[in-house]
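What follows is a set of notes on a single structure, which appears directly below.
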Amino acid sequence: MKSNKPSSIRRHASLKNVDRNFTSENRRIILAIILPVIVIALGYFAYCGLSKVYDKLSAIRNTQSLIVDESAQITIKASPHFPEANIKELFKLKKGTRLADIDFEKCREKILKKYPILSNITIHKKLPNKVTICVEERKPIARVKYEAGERVSWLVVDSNGVVFNFPLNDSHTLPIIKQAKPYTLSGEKIQGKAQLALRLIEFCSIKDISNIQLTEIDVSDDLYLIAKTRDYNRIDLLWEYIYTRGEHDLTNLQDAITQISSIIKNNLKTGHYQTFIVTGKNRVTVSPNEKEYIK
């Protein structure tokens, strides 16, 4: 009769292997569940800890950035027509305000857009609680007069062609650019023939051309740019010569003005009550004598 012992041993070993495999599988399952939970929990506690640290730092920063002494913490370099009080109000700089709560760049962009008289605003922040704001104004070089029927509007324009509002008392001596259309809104740039009038004003401010002091330039005439001077002279520049198909010819413009300046200086002496008519390159006719100067 055969013994069943080896078979029993094999069954016992097999059960041990199953038991071992089951235990190993359970361990893997448990680790797969527990490890993410542990990682999430550690991350959560770390986040909470960092948040508390951040909140404390923010509270310290906000406390430190509080405006308690305006004269010591805020420096304003204002412009002649944009006082310090306006700047403080627009940036909301007052006692009790936190500098950390002010979006200076956003405020700067809004102010420049709303007030075209300002060309630039520079902001220097010194952490945690000091700020310096420098304001730059546009410099007007001419007044712009728009006439539409009985309606007359006045603005000024800088060398970049930007028009803006400006006190009349501080600009009444500037030369006038008369333009019927197109009407240019404050903050926009002058267009078309008015740009050439602006270049003419700039050119006549050169020292060598100082004997032509412009008082008014009319760009509304279809044939000529008509300029008037302080000594009651008149200059008619043919548009076809200085402005063709919407293109400026600054060389022709400068040549014409240089020749007129030379005529006044060398030939007419006083040069009062004369009309200079420029119809082409180096061709200037002077009225009332209808004398033509050809260079």
Extended-chain gain in nm, criterion 0.36 nm per residue less alpha-carbon gap, H81 and W154: 24.6 nm
Working with all protein chains in place, sort R245, R143 by solvent-accessible area computed with a 1.4 Å probe, largest first. R245, R143
FRET E, pair H272, E109, Förster distance 51 Å, beta-carbon r, rounded to 0.05: 0.50
Förster-model FRET efficiency, 22 Å R0, D69 and L127, C-beta, rounded to 0.05: 0.85
Tell me, in nm to one decimal, what length is gained between K281 and F45 on full extension, where the rule is 0.36 nm per residue of separation less the Cα-Cα distance? 76.5 nm
Among the listed pairs K139/K291; K92/K178; K114/K139; K88/K145; K113/K228, which are separated by more than 29 Å between their Cα atoms? K139/K291; K92/K178; K88/K145; K113/K228
Spin-label model distance (nm) - S220 vs R234, 7 Å beyond Cα toward Cβ: 1.5 nm
Please tell me the relative contact order of the stretch 168-295 in percent, rounded to the nearest whole number, where contacts are Cα pairs under 8 Å and at least six residues apart. 19 percent
Report D for the stretch 64-196 in µm² per second (integer): Stokes-Einstein, Kirkwood Rh on Cα pairs, 4 °C, 1.567 mPa s. 78 µm²/s
Please work out the FRET efficiency for the pair E136 and T251, using the Cβ-Cβ distance as r and a Förster radius of 30 Å; give the result to the nearest 0.05. 0.40
Express the relative contact order of the stretch 159-232 as a whole percentage, based on alpha carbon pairs under 8 Å and six or more residues apart in sequence. 32 percent
Using the Cβ atoms and a cut-off under 15 Å, what net charge is assigned to the surroundings of K228, where Lys and Arg are +1 and Asp and Glu are -1? 0
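The values are calculated or read from the model by the stated rules, or taken from the named source; none is laboratory data. In this text, all values refer to a predicted model and were calculated from it rather than measured experimentally. Counting neighbours? That spans all protein chains shown, and the Cβs are built from the backbone with ideal geometry, glycine included. SASA here: full protein model, heavy atoms, side chains in, ligands and nucleic acids out. Shrake-Rupley method; radii C 1.70, N 1.55, O 1.52, S 1.80 Å.
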